[in-house]
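*Asks:* I have a structure I would like to understand better, so I am pasting it below and will then ask my questions one at a time.
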Amino acid sequence: MNDLKKIQKIELDMLKVFHSICIENKLRYYAVGGTLLGAVRHKGFIPWDDDIDLAMPRSDFEKFIEIAHEVLPANLGLHRSKLNLNTLQLVNNKTCVKKGKIETPIYLDIFPFDGYPSKKINNIIYKYKILFRRMMCKLSVINLLSDRDRGTLENLIVFLGKLFNTNKLLNSDKQLNKLQELIKNYSYDTSFLVGNILGRYREREIVEKRIIGEGKLLRFEDTEIFVPDDYSKYLTKIYGDYMKLPSFKDRTTQNLKIVFIGESYE
């Protein structure tokens, strides 16, 4: 079994634990991003993907954090990723993987689903407030960002940030807290538009709440996980023709190498 398959196996075990905790505690969650795409298109992991992305309505997200220390097994814990806008991660403390130059435990990303303004002018203002706060967060950890193509504008911002060492000028905790507080401005439960505001696809991940719905079970590898009610519309908004496979050159995974995994995973 290669390293990617071992990582996927451990992530799947972690996902099963998370799913059971959510069922037992009546917490809502949904597969999003590549995990949802994998469930629909591949009935499991995208073969070249090592990520699991989940989202929870804000109230459920906060409840999960509150009870985590009571319900998680000893080998699992919670961590916040400064590199990824303080995204919550469920980490396996008995593992270590090298991704490029960075060593990290194997983890699942858990995002909050928050509300989003429906009125056009409020929607536009809020969008740019979030973009500004995201940029400030990235500039505050510019020294930790890897070199990759982020598009013309973001490439320029990263270049200038590294040139002027903006991480020395901005307090990362302060910037991250401001962003986290901003995205709580609109309640998930009372909003018409909702979504994963901190997701990589930004406003493409904002949809009508009815599309998320109560959630339905869908096969994922040898188990079932919750997905949005109208997952087809959700995926179409993000990916377009989501059933079409990318070209072979784009079917790439990160440069992953297992540094350590506990004996029970060998």
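*Asks:* Taking the criterion of being surrounded by fewer than 16 Cβ atoms within 10 Å (Cβ to Cβ) and more than 30 Å from Leu145 (Cβ to Cβ), would at least one residue in region 171-186 satisfy it?
*Replies:* no
*Asks:* OK, next. Could you list all residues from region 17-26 that are more than 17 Å from the chain's Cα centre (by Cα) and in contact (Cβ under 8 Å) with a residue 40 or more places away in the chain?
*Replies:* Val17, Ile21, Cys22, Glu24, Asn25
*Asks:* If you don't mind, there's one more thing I want to ask. Among the residues of region 114-131, is there at least one that is under 23 Å from Ile258 (Cα atoms) and of a type outside the set (Gly, Ala, Ser)?
*Replies:* No.
*Asks:* Here is a further query. Is there any pair with a first residue in region 232-252 that is among the hydrophobic types (A, V, I, L, M, F, W, C) and a second that is open to solvent by 90 Å² or more (accessible area, probe 1.4 Å) whose Cβ atoms are under 8 Å apart and which are 6 or more apart or on different chains, and what are they?
*Replies:* As it stands, the answer is Ile238/Arg204, since those pairs meet every condition given.
*Asks:* Name the residue that is nearest to the chain's Cα centre (by Cα), counting only residues in region 190-221 that are at pLDDT 95 or above and acidic (Asp, Glu).
*Replies:* Once the filter is applied, the top-ranked residue is Glu205.
*Asks:* I need every pair where a residue in region 194-216 that is farther than 10 Å from Tyr30 by Cβ has its Cβ under 6 Å from the Cβ of a residue that is among the acidic types (Asp, Glu), sequence separation at least 6 or different chains.
*Replies:* Gly195/Glu205; Ile197/Asp114; Gly199/Glu205; Ile211/Asp230
*Asks:* Scan region 218-266 residue by residue and report those that are among the aliphatic types (A, V, I, L, M) and over 14 Å from Thr35 (Cβ atoms).
*Replies:* Met243, Leu245, Leu256, Ile258, Val259, Ile261
*Asks:* Next question, about the same structure. What pairs can you find where one residue is in region 27-43 and on the phi > 0 side of the Ramachandran plot, the other is open to solvent by 10 Å² or more (accessible area, probe 1.4 Å) and not acidic (Asp, Glu), and their Cβ atoms are less than 8 Å apart, with a gap of 6+ or different chains?
*Replies:* Between residues of region 27-43 that are on the phi > 0 side of the Ramachandran plot and residues that are open to solvent by 10 Å² or more (accessible area, probe 1.4 Å) and not acidic (Asp, Glu), the close pairs are Gly33/Arg200; Gly33/Tyr201; Lys43/Arg219.
*Asks:* Residues of region 69-96 being assigned to a strand (DSSP E or B), aliphatic (A, V, I, L, M) and open to solvent by 30 Å² or more (accessible area, probe 1.4 Å), which ones?
*Replies:* Within region 69-96, Leu78 is the sole residue that qualifies.
*Asks:* Among what's in region 158-170 and is in a helix (DSSP H, G or I) and open to solvent by less than 50 Å² (accessible area, probe 1.4 Å), pick the residue that is modelled with the lowest pLDDT.
*Replies:* Among those residues, the one meeting the criterion is Val158.
The values are calculated or read from the model by the stated rules, or taken from the named source; none is laboratory data. Computed from a prediction, not measured in an experiment: that's the story for all the values here. Glycine also receives a Cβ, built like all others from the backbone with ideal geometry; neighbour counts cover every protein chain displayed. These area figures cover heavy atoms from the full protein model, side chains too; ligands, DNA and RNA do not enter into them. Shrake-Rupley method; radii C 1.70, N 1.55, O 1.52, S 1.80 Å.
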